[in-house]
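Working notes for the structure below.
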């Protein structure tokens, strides 16, 4: 099923993101993760795509497993920054052959050893090529606090509108920890004429290492309330895990109470964390 159809339902949709391992010896474990997450009733599961295509074949294999073995809609990530148009066509053919009809189109980060020149400079170029290659449902990323490479928020939203006009069916946000930033972003995008579903991405922070790493990778603002929690419980792993799950749960409850109908959880391949959050929301979501 195409994700744009799932997002048109009246009920709250709940999706999860996982990533394939880089090493083959760890590969079987990702299928255990898929099994456990699909048992939670996720409406769709997205599978990331490593920088430089480092896990591209595994992405297709895992996405195919999600659909064929677990009977759950899969969303395959596809990045383009260091790919040729021929390589992208090959990837699209492979996805089509495996029955994958939902793609998250991303520019991606340049690999450390990338020397260029780049065949693709922006995700919009990939989005156009995807639509030229078949009947795919296309998602794209968005940034409630603005893209780190874009100096002005207005310019960032203008670029986002261009991607939507090029054929993006839905958007998924980068992680954020202050819902007010997301609500402001919704008003800004609507004012710019962006009307496709915008799915909020929630990252449960369950250990102290994630706090620093998350801010470095995403540039996300950490509210004082969350920093106080992290400071209090960072030396107590079990308490930090519980507090992080409670914080993510509270974020989701607030989003749903304010009319948001889609929730995307960055699981970091931790199905137990997703299970605990869903348990906290058992009546609210289902």
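May I have the extent of the alpha carbons of region 147-270 along their three principal axes, as whole Å values ordered from largest to smallest?
47, 31, 26
Treating each Cα of the chain as an identical point scatterer and ignoring solvent, apply the Debye formula and state log10 I(q)/I(0) at q = 0.11, 0.13, 0.16 Å⁻¹.
Taken in order of the listed q values, log10 I(q)/I(0) reads -0.63, -0.91, -1.43.
So how far, in whole Å, is the C-alpha centre of region 257-286 from the one of region 223-246?
Cα centres, region 257-286 to region 223-246: 19 Å.
For region 150-211, compute Rg over Rh where Rg is the Cα radius of gyration and Rh is the Kirkwood radius from the inverse mean 1/r over Cα pairs.
Using only Cα positions, Rg/Rh for region 150-211 is 1.03.
Would you mind ranking 239, 46 so that the residue whose beta carbon has the fewest other beta carbons within 10 Å leads the list?
Ranking 239, 46 by Cβ neighbours within 10 Å, fewest first, gives 239, 46.
Test of understanding: ordering 93, 79, 72 by Cβ neighbours within 10 Å, fewest first, what list do you get?
Least to most surrounded, the residues fall as 93, 72, 79.
Evaluate the relative contact order of the chain (contact order divided by residue number), counting alpha-carbon pairs under 8 angstrom at least 6 apart; express in whole percent.
Relative contact order for the chain comes out at 20 percent.
Please report how far the C-alpha centroid of region 148-194 lies from that of region 1-50, rounded to the nearest whole angstrom.
Rounded to whole Å, the Cα centres lie 24 Å apart.
Among 75, 92, 186, which comes first, second and so on when ranked by fewest other beta-carbon atoms within 10 Å?
By the 10 Å Cβ count, ascending, the order reads 186, 92, 75.
Quick note: the coordinates plus some simple rules give every number you see, no bench work behind them. Model, not experiment: these values are computed from the prediction. When we count neighbours, we look across all protein chains shown, and the Cβ atoms used for this are built from the backbone with ideal geometry, even at glycine.
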